[in-house]
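What follows is a single structure, written as structure tokens, with notes after it.
The values are calculated or read from the model by the stated rules, or taken from the named source; none is laboratory data. It should be emphasised that the depicted structure is a prediction, and the values quoted were computed from it without experimental measurement. FYI the Cβ positions are ideal-geometry reconstructions off the backbone, even for glycines, and counts take in every protein chain you see.
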Amino acid sequence: MNEDDVKNILGLQLPTDPRWVDLVSISMEEILTDHAYCEQKAATSCITLIQRYPEKEELVKELSPIVTEEWGHFRLVLAELQKRGLSLGKQRKDTYVNKLLEFQQKGGNAEGRFLDQLLTMALIEARSCERFKWLSEGLDDAYLRKFYRRFMESEAGHYTLFIRLAETYIDKGKVRKRWAEWLKYEAEVMKEMELRGDRVH
């Protein structure tokens, strides 16, 4: 995936350094462990949104199957670890996600807070999609390339879903303006992040 693809397809302003795939290849146990927990947290985040906004019928309808899908992904990654004789390690602190949470609106109106929650999810899914594409094209293991291709396609669908949900409840112009701000901020976060092969983000 080149820089134009990253910007045109996902909107991301800064592509992943290609050396990341080489670092991942050094220890698949660590990246699979981190991936498993990412899927688990994605399911939990969708559950939290449903609990927080039960009156938003479209959101509840759309996110309910995503919970099942994300938990299914966790089980797939866990099975891959077990198949390879590897262990699920401990969950690590997710610096990338914590940096995104710092940018979320904390005060102000409820609409702004709701929008930022959805855009945070969209951004995490977009970056995950980009990273999984790198793995689907750059790993030496043909089976794992196919394995990550499936995840890449799924994350792309989730990314667009969160944007669409935001535009269902909030003026499209407001969504696009705030999304542009998020993309700019995320690029700065990526510039500051240490390049490590033991984590998805």
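Quick rundown of the values:
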read-out	value
Residue match in the range 24-42 (condition: of a type in the set (S, T, N, Q), more than 15 Å from residue 165 (Cα to Cα) and within 14 Å of the chain's Cα centre (by Cα))	yes
Number of the condition not met by residue 197 [criteria: (1) closer than 17 Å to residue 35 by Cα; (2) surrounded by 18 or more Cβ atoms within 10 Å (Cβ to Cβ); (3) not basic (Lys, Arg)]	(2)
Close pairs (9 angstrom Cβ cut-off, 6 or more residues apart or separate chains): closer than 15 Å to residue 127 by Cα and surrounded by 12 or more Cβ atoms within 10 Å (Cβ to Cβ) in the range 171-185, of a type in the set (D, E, K, R) and at pLDDT 95 or above anywhere	182/116; 185/99
Wholly within the range 18-88, helices (runs of 4 or more DSSP H) carrying at least 1 residues that are among the aromatic types (Phe, Trp, Tyr), farther than 15 Å from residue 128 by Cβ and free of Cβ contacts under 8 Å to residues at least 40 places away in the same chain	57-83
Residue within the range 129-149 that is farther than 19 Å from residue 198 by Cβ, aliphatic (A, V, I, L, M) and touching a residue at least 24 places away in the same chain (Cβ under 8 Å) present	no
